[in-house]
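Scroll down for the structure; my scribbles are underneath it.
Computed from the coordinates by the stated procedures, all read-outs in this text should not be read as laboratory data. Small disclaimer: the values here were computed from a predicted structure and weren't measured. Cβ sites come from the backbone with ideal geometry, for glycine too, and all protein chains shown count toward neighbours.
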Amino acid sequence: MTQDKPGIEQERTGSLVGVDLGSQNIRIGAVDRAGQLLAPLRRDPYSVAAAGPETGRALADQVLSAIEQTIRAQAAPAAAVGVGFPGLVHHQTHRIVKLPHAPSLVHIDLYQEIKGAFGLPVYFENNARAAAYAEMRRGVARGATDWLYLHLGNGVGAGLVLDGRLRRGKSGFAGEIGHINIDPEGLECDCGSQGCLETIASASNIVRRTRERLRRDSTSSLSRLGAMGGFTYDDIVVAAAQGDDLAKMMLQRTGHFIGMAVADMINALNLSLVAVGGSPAARPFLVPAIAEEARRRAFADAFADCRIVAAELGGEAGVIGAALLAGEVK
């Protein structure tokens, strides 16, 4: 797997490989220094149904294989590899600390394996922060200095930028907005707290809340999917886009809960921008609801300073951001 170690000029001009390890797919692509994908984004599906160590090993091998294939597909040697994870990455040790959808990967030093396999600079980052960096470089946040990126999906993550710099906190764990407490009598979260935002606004909990609502309202098109074996968050988003009133209401209510947390962030940090990422099709329903609730709850003068908008980039944001961050490794 190892390619010849790049020289200084090659590091400066070579393409960058970005990887976003989602909950069901490895998104991967080669990116130039301007953040443009050099080929269509590739998605490699995988399964982590089992939790044993062999699952982590199989997933690590699949990541290594995907990187190798992407590098081989480029006309020029790659210069660096960046990987985004939907979990906690310790910024000093480059170790994965928590990865809810693939916990067995925590026991593998994937950073050193990638570095050893390809002889390239490697950068590990939380995927929400990687997407935030992409939006800052070539998306909706160009020119913004104090702003927040929200990633809404299987979890609720965030990338925080202050004074034009991506903030990570002491160990790299900053941005866990999904674990802001909003309901002291709510469900217990995986983090051990009770009533976190994720217990309401993560994809699985939106599905759970929608199922509960369908017990009282069976007129939604989602009732048919439920009778056929169930539905997913993506099904709810599609139904909303097709005009299903219940699906639209569930996304809007989710936006209101998120807006509660966003209001606190605006009050605390005097942000100029909040960019809402995640599923592009969900953004038209979530963004107005988040803005409405944040306006209602935030300090009026601080809210007046802040725009709440949909992110510009889609599923490629994490890949682009991870690649560009890797390109800055010295």
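Among the residues of the range 88-128, the ones that are surrounded by fewer than 22 Cβ atoms within 10 Å (Cβ to Cβ) and either within 13 Å of the chain's Cα centre (by Cα) or not aliphatic (A, V, I, L, M) (or both) come to 22 in all. In the range 235-254, the residue that is surrounded by the most Cβ atoms within 10 Å (Cβ to Cβ) out of those that are in contact (Cβ under 8 Å) with a residue 24 or more places away in the chain and closer than 15 Å to Pro280 by Cα is Ile236. In the range 278-330, the residue that is surrounded by the fewest Cβ atoms within 10 Å (Cβ to Cβ) out of those that are in a helix (DSSP H, G or I) and either in contact with a Cys (Cβ under 6 Å, 6 or more places away or on another chain) or of a type in the set (Lys, Arg) (or both) is Arg296. Has the range 194-211 got any residue that is more than 30 Å from Arg95 (Cα to Cα), of a type outside the set (Asp, Glu), outside any helix (DSSP H, G or I) and free of Cβ contacts under 8 Å to residues at least 60 places away in the same chain? Looking for residues that are more than 30 Å from Arg95 (Cα to Cα), of a type outside the set (Asp, Glu), outside any helix (DSSP H, G or I) and free of Cβ contacts under 8 Å to residues at least 60 places away in the same chain, one finds none in the range 194-211, hence no.
Annotation: of all residues in the range 156-185 being basic (Lys, Arg) and over 17 Å from the mean Cα position of the chain (by Cα), the one that is surrounded by the most Cβ atoms within 10 Å (Cβ to Cβ) is Arg165. When each of Ala304, Ala294, Ala275 is tested for being in contact with a Gly (Cβ under 7 Å, 6 or more places away or on another chain) and among the hydrophobic types (A, V, I, L, M, F, W, C), the lone residue that passes is Ala294.
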